[in-house]
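Before any comments, here is the structure.
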Amino acid sequence: MTEIASPDTGSRSQAPREIIYRHRVVTRLTHWVNALCFTLLLMSGLQILNAHPALYWGQFGADDDHAFIEFFAARPDGRDGKLAGFTRIGPLTIETTGLFGVSNDSDGDVRVIAMPGWATIPANRDLATGRRWHFFFAWLFVINGLVYVAGSLINGHLRRDLLPERRELSPRHILHDIWNHVRLKLPKGDEAKRYNVLQKGAYLGVGVLLILMVMTGLTMSPGMNASAPWMLDLFGGRQSARTIHFLAASATVAFIVVHLAMVLLAGPINEIRSMITGRFVVPPEDKS
Ligand code: HEM
């Protein structure tokens, strides 16, 4: 990641810019295939969730069992019998009309459905098609993940760029990085040439979430239940696996929100160009 590709003097009025080769081709290719797969998996997964928008723990889950997360519609008092959407997480119920439980379709008509049409593939209620999309992109996602891990082991990216060094794990170093992030003081000069410890932690953490999603996804497959029953034991049953699958997907969405915010803050053109071409313009050190 730190190998210098070429100095670039830019226009006459600007100081010379330092350009490094930041991302190898295997990182770039698998990153964008991953982003595509994750988006389509999320949207088709929400379509599947619509078929039974309640999450349970253990082996069983049906209408009469206790769900600790659910999305539903009800007619609250004093609203002239109008439907409203709700999300319940444990004892906490919040109204989510317009988003979860009750939303409007593209014609403006009210729909009683857990996830809105714009967030699902396909947009209308269609479990069979949603599952086809989900399973196709799940396998592409797994193959792509294996290519990324193998490539990163072979070219040293995992060890060199992603695993934190011992000195980076000291509480002082971590607190310093957190403080810099809180102040939105992003790395410049030499520091910007490598991932900081929070970035490494986030990327390794999302890797764990993605592996967890694949494993819990496989645990929900009847074929896998027959050939690898230990997976059901590992996750405490199919409904627990389904719930962990949903929670890991939600945590990944939270990662993506922060990830995109950081890309915007760090300079979206330079950042995204580096993930497309590999070339990254090192932000110059402040002269103060
Ligand atoms: C349109 C959406 C996305 C954009 C614009 C984007 C952009 C970027 C950029 C610019 C980097 C390089 C950061 C740097 O050099 O400091 C990066 C790295 C990374 N992104 Fe994304 N990203 C997107 C979606 C995702 C998704 C969906 C995931 C995972 C679910 C993801 C996971 C990662 C990881 C793990 C890395 C580090 C890769 C490595 O060095 O091996 N990104 N992303």
Farthest toward positive dipole pole in the chain [+1 Lys/Arg, -1 Asp/Glu at C-beta], among Gly207, Ile19, Pro122 = Ile19
Derived scalar couplings ³J(HN,Hα) [the range 79-92; Karplus, 6.51 cos²θ - 1.76 cosθ + 1.60; whole Hz; x for Gly, Pro] = 10, 6, x, 6, 6, 10, x, 9, 10, 10, 10, x, x, 9
Please list the non-local residues whose amide H lies under 5 Å from the amide H of Asp126, H modeled 1.01 Å from N, same-chain partners needing a gap of 5 or more.
-> none
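Once fully extended, how much extra length lies between Val263 and Val147, figured as 0.36 nm per residue of separation less the alpha-carbon to alpha-carbon distance?
Value of the extension gain: 39.3 nm.
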Mean separation of Cα contacts under 8 Å (6+ apart) over length of the chain, as relative contact order % = 23 percent
Within the range 137-234, list the trypsin sites (Lys or Arg not before Pro) lying in a DSSP loop whose Cβ has at most 13 other Cβ atoms in a 10 Å radius.
-> Arg183, Lys185, Lys188
Against the longest alpha carbon principal axis of the chain, how many degrees, from 0 to 90 and to the nearest 10, is the axis of helix 25-51 turned?
-> 20 degrees
Give the span of the chain's Cα atoms along each principal axis, as three whole-Å numbers ordered largest to smallest.
-> 68, 50, 38
In the range 113-202, which GluC sites (Glu not before Pro) fall in coil by DSSP and have 12 or fewer other Cβ atoms within 10 Å?
-> Glu165
The chain - charge dipole about Cα centre, Lys and Arg +1 at Cβ, Asp and Glu -1, debye rounded to 20 = 980 debye
Whole-Hz Karplus couplings 3J(HN,Hα) for the range 134-141, θ = phi - 60° and coefficients 6.51, -1.76, 1.60, Gly and Pro as x, run 4, 6, 4, 6, 5, 6, 4, 4
Run the dipole for the range 54-114 about the Cα centre, Lys and Arg Cβ at +1, Asp and Glu Cβ at -1, nothing else charged, and hand back the magnitude in debye, nearest 20.
-> 160 debye
Given H placed on each backbone N at 1.01 Å, which residues far from Val102 in sequence or on other chains put an amide H within less than 5 Å of it?
-> Gly85, Phe86, Ile113
Pairs of lysines 8 or more apart, or on different chains, with alpha carbons under 29 Å: count those in the chain, would you?
-> 7
Apply the Karplus parameterisation 6.51 cos²θ - 1.76 cosθ + 1.60, with θ equal to phi minus 60°, to every residue of the range 209-219 and state each ³J(HN,Hα) to the nearest whole Hz, in sequence, with x for glycine and proline.
-> 4, 5, 5, 4, 5, 5, 5, 6, x, 5, 5
Check Arg279: other-chain or 5+ apart residues with amide H under 5 Å from its amide H, H built from backbone geometry?
-> Arg22
According to a simple spin-label model (label point 7 Å from Cα along Cα-to-Cβ), what is the distance in nm between Leu163 and Glu95?
-> 5.4 nm
Where does the chain land at 222 nm, in deg cm²/dmol rounded to the nearest 500, when only DSSP H runs of n ≥ 4 count, each adding -39500 (n - 2.57), divided by all residues?
-> -16500 deg cm²/dmol
What dipole magnitude, in Debye to the nearest 20, does the range 149-288 give about its Cα centre under +1 on Lys/Arg Cβ and -1 on Asp/Glu Cβ?
-> 160 debye
Tilt of helix 268-277 relative to the longest C-alpha principal axis of the chain, in degrees (0 to 90, nearest 10)?
-> 80 degrees
For the range 14-98, count all C-alpha to C-alpha pairs, find those more than 17 Å apart, and express that count as a whole percent of the total.
-> 69 percent
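Quick note: the coordinates plus some simple rules give every number you see, no bench work behind them. Every value quoted in this text rests on a predicted model; they were computed, and no experiment measured them. Heads up, the Cβs are rebuilt from the backbone with ideal geometry, glycines too, and the neighbour counts pull from every protein chain shown.
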